[in-house]
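The block underneath contains the structure these notes are about, expressed in structure tokens.
The values are calculated or read from the model by the stated rules, or taken from the named source; none is laboratory data. Please read these numbers as outputs of a predicted model, since none were measured by experiment. Here the Cβ positions follow ideal geometry from the backbone for every residue, glycine too, while neighbour counts run over all protein chains shown.
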Amino acid sequence: MTVIRLVKRAKRGNKDALLQLINEQQDDYYRLALKYMGNPQDAMDAMEEMIVSLYRHIPTLKKNDAFYSWSKTILVNQCKQMLRKKARVQLLDEWESMEVASDADPITQSEQRIDIEEMLSYVNVYQREAIELKYFHDLDYQTIAEVTDVSIGTAKSRVFTGLEKMRNRYRGERDD
Amino acid sequence: MTEIERKLVQEKKRLEEVKAPKELNERLQRALEKTPKRRKSYMPQWIAIAAALLLLSFVSYQYNAFAYYGKKMLGFDEIMPYTLAKLHEEGNGQTLDQKYVFPNGTELHLDGILTDENQGILYYTLSNPEGVEDDLSFMELKGLFTHSSARSGTTTMNEQKTVLKGIRTFDPVSTFAKKLTLGFQHLDGWEEITFPYNPRAAMQTVLKQSIKKEVPVDTGTIRFNSIIATPSQTTIKGKFNVANYDRIPLGFSGVKLLADGVEIDQVSGGTSSALNGTTFTIDYDALPKDVTSLKLVVDTFVGYKQIDQTITLDQEQTIAYMDGEELIVNHAKITKDGIQLTIATAENILLDGVSVQVDGQVIPLQTTLRQDYITIRGKEYKERVILFDGRKLPEALVINGLHYEKNYDEVINIPIRK
């Protein structure tokens, strides 16, 4: 069934249709939530909240074909809200650092990771968020703008300036 | 593509190996199941305009934080159940005059709150001449000894979509709270509004007593513990341990409350599992005044019967009766996945121990592929497509038992102690 038909059914209050819509891109949602929340449990909590919110608000979605970008915006908002709430609690247990283990080859992956991690460390948090949303989570500029609560122009410029900074740095290293 | 972009793409590929945990799907499903069904109705334009005008004059006239109604809540008539409307007419509850303006210009106005030992009910209005985008969600009330989650809500919107009126029910609020903080979710994030609350405006409980009676059912027992009747609602609480409780979607809807012989409407019901067993809550409408007799009747509840029936399958359609319950089996099909059968029964029947016989051999059910609600000759049926391993058409369908909606007719008298 097409996305549009499922969205229409979900708008009429069909819970299964909504579940099916989420299932189609379940891994994408999960990775997005994981990026913000940092651990699987919280990521899943955020998605639970998201689906309840989607169910309540889907009648207000104007463009049926914009379901995925709309729902991802809600997911990110949900994550940010949970992080804000958690920030208060976190002060108490900041000693416990959270690490996400990867079960793939640890050496090549960690090296690759350090590489990109290092490059991303040259840009500010806003640029980094925009770059990650664009390149790792495939969001378009419109959605990035909504998710990060800025204009499209700002979202684009964050990505471009961020990439530019990384490029200069990378070139600099190679020329040395 | 630049070197940087290539690296970003590489990293994305690595990230794509991260898959959602298997339990996620089930968690999402459960979260949705718990969410009350959305209800929405639209009120005629003139009501909205009248309500907006009246509300404006009403609100601007009252700057005092506490003021008792003495009047109906305006604009909520359409979504307000009869019991609540009557309580407001009698002057119960407390008006609030709290405003919050969102960055997009939408104004949230808290109109009033009605509380008692069973629930808290909040009335609110969202308005924006440019159009109201969204209702609020995840609302909670916090205060001294109070952390009440929202239970359910109803809203109504005018045709222009500029005014939304909503009623939201919460878990009860403590009598110690002098201030309440309402937390809610909007597309822009989490917001909170704190407002003064007068616990003395809470309505007095009409009746509160223990029941302590057990009713045995086919696969366990239901224990009714207590009844609390307040002016807004009557709540029955208890515990149960019934093995096949969730096999059919009946819940406690077949448990009736009779006041002086008259059935009181069931408003909602819910269960929650705790360490020491599963508890249930059934909410009914408020009791009429001066009730002299109260009865709980377990009219229907989930039951189980062993049938061990072998149904020989015809070429076309087979209609069989399993101890009086109709079963329609449509012609079997062989697909690439195996033997596929389409069967239909009444909505509240679940078959147990299902298998087919092929060449005298018994093949157990592999999975259910699909389930739909259909109507045949004006009757509602639950139709499902079931799959068995195998390559040959079956001779018979074997069913060991049925989970079904059973008539128990168990009556519990609740003597009223005054």
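Observations, loosely collected:
The rows are residues; the columns are (1) in the same structural domain as B:ARG168 (by TED's automatic domain parsing); (2) out of contact with any strand residue (DSSP E or B) (no Cβ under 6 Å at 6 or more places or on another chain); (3) under 29 Å from B:ALA346 (Cβ atoms); (4) small (Gly, Ala, Ser).
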{"site": "B:TYR197", "(1), (2), (3), (4)": "yes, no, no, no"}
{"site": "B:GLY220", "(1), (2), (3), (4)": "no, no, yes, yes"}
{"site": "B:VAL242", "(1), (2), (3), (4)": "no, no, yes, no"}
{"site": "B:SER253", "(1), (2), (3), (4)": "no, yes, yes, yes"}
{"site": "B:LYS256", "(1), (2), (3), (4)": "no, no, yes, no"}
{"site": "B:ASP265", "(1), (2), (3), (4)": "no, yes, yes, no"}
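- When B:GLU347 is tested against (1) of a type in the set (D, E, K, R); (2) surrounded by 11 or more Cβ atoms within 10 Å (Cβ to Cβ); (3) assigned to a strand (DSSP E or B), only condition (3) is not met.
- Scanning the range A:121-137 for residues that are surrounded by fewer than 21 Cβ atoms within 10 Å (Cβ to Cβ) and small (Gly, Ala, Ser) yields a count of 1.
- Criterion violated by B:GLN317 - all others in (1) under 30 Å from B:ILE222 (Cβ atoms); (2) surrounded by 11 or more Cβ atoms within 10 Å (Cβ to Cβ) satisfied: (1)
- For the range B:375-391, the tally of residues that are closer than 16 Å to B:LEU341 by Cα and assigned to a strand (DSSP E or B) stands at 8.
- Failed condition for B:SER137, given (1) buried (at least 19 other Cβ atoms within 10 Å of the Cβ); (2) of a type in the set (S, T, N, Q); (3) under 21 Å from B:MET203 (Cβ atoms): (3)
- Selection count where residues are without any contact (Cβ under 8 Å) to a residue 40 or more places away in the chain and facing chain B (nearest Cβ under 7 Å), scope the range A:20-39: 4
- Flag if B:GLY270 is part of a strand (DSSP E or B) and surrounded by fewer than 15 Cβ atoms within 10 Å (Cβ to Cβ): yes
- Tabulated pairs, the range B:407-418, first assigned by TED's automatic domain parsing to the domain that holds B:GLY251 and part of a strand (DSSP E or B), second loosely packed, with under 11 Cβ neighbours inside 10 Å and of a type in the set (A, V, I, L, M, F, W, C), C-beta under 6 angstrom, 6+ apart or interchain: none
- Being under 16 Å from B:GLN29 (Cβ atoms) and more than 7 Å from every other protein chain (Cβ to nearest Cβ) is a property that holds for A:ASN14.
- Hey, B:GLN357 touching a Pro at 6+ places or on another chain (Cβ under 7 Å), among the polar types (S, T, N, Q) and surrounded by fewer than 18 Cβ atoms within 10 Å (Cβ to Cβ) or not: yes
- Of the set (1) under 21 Å from B:THR310 (Cβ atoms); (2) without any contact (Cβ under 8 Å) to a residue 12 or more places away in the chain, all apply to B:LYS336 but (1).
- Residues that are assigned to a strand (DSSP E or B) and surrounded by 14 or more Cβ atoms within 10 Å (Cβ to Cβ), drawn from the range B:190-207: B:TRP190, B:GLU191, B:ILE193, B:PHE195, B:LEU207
- Filter result for B:GLU16 (within 9 Å of chain A (Cβ to nearest Cβ) and modelled with pLDDT of 75 or more): yes
- From the options B:LEU87, B:LEU55, residue that is modelled with pLDDT of 80 or more and crowded, with 19+ Cβ neighbours inside 10 Å: B:LEU87
- Flag set for B:GLN366, criterion: surrounded by fewer than 18 Cβ atoms within 10 Å (Cβ to Cβ) and without any contact (Cβ under 8 Å) to a residue 40 or more places away in the chain.
- Taking the criterion of being within 22 Å of the chain's Cα centre (by Cα), modelled with pLDDT of 85 or more and not in a loop (DSSP other than H, G, I, E, B), the residues of the range B:155-181 that qualify are B:LYS165, B:GLY166, B:ILE167, B:ARG168, B:THR169, B:PHE170.
- If only residues of the range B:1-22 that are charged (D, E, K, R) and part of a helix (DSSP H, G or I) are counted, the one that is farthest from A:ILE22 (Cα to Cα) is B:GLU3.
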